[in-house]
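Bear in mind these aren't lab numbers, they're just calculated from the coordinates by the rules spelled out. Since the model is a prediction, treat every value here as computed from it, not as a measurement. Cβ sites come from the backbone with ideal geometry, for glycine too, and all protein chains shown count toward neighbours.
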Amino acid sequence: MTAVLLVALGAAVGAPLRYLGDRLVQVRHDSVFPWGTLMVNVAGSFLLGLMLGLPVPAAARTLIGTGLCGALTTYSTFGYETVRLAREGATFLASVNVGISLVAGLGAGSTGLAVAAALTG
């Protein structure tokens, strides 16, 4: 199976998961803060860290790492929502979104790598 097809198959799962995960979280919060986007980005970062730390075939890395995680996480929506918050005068929330997204995303990726190391230890 070609790499392009593996990426497309992973993305076909990741994109709906992103939408559903975002909606599931966001409808539970009466806030302009983009909790749903933050959640899917952190979850995707964890999964990618886990994936990179496990001894899996290259095809699985392409399918899950590039396809699924690439479609599950969303830098463009993060950027849009941060700019939207700033334009609406919620500059503090925009700044918090940037800070939390960076720290939580890097932390989740590192945690995924640590979990993989513990599993394969």
Net charge contributed by nearby residues that have their C-beta within less than 13 Å of Leu72 (K/R +1, D/E -1): 0
Towards the positive end of the charge dipole of the chain, with charges on Cβ (+1 Lys, Arg; -1 Asp, Glu), say which of Thr73, Asn97, Val27 has the farthest Cα. Thr73
So, with +1 on the Cβ of K and R and -1 on the Cβ of D and E, and no other charges, what is the size of the charge dipole of the range 3-120 about its Cα centre, to the nearest 20 debye? 120 debye
From the list [x] 15.0; [y] 14.2; [z] 14.5, can you say which value of Kirkwood radius over Cα pairs in Å was derived from the structure given? [x]
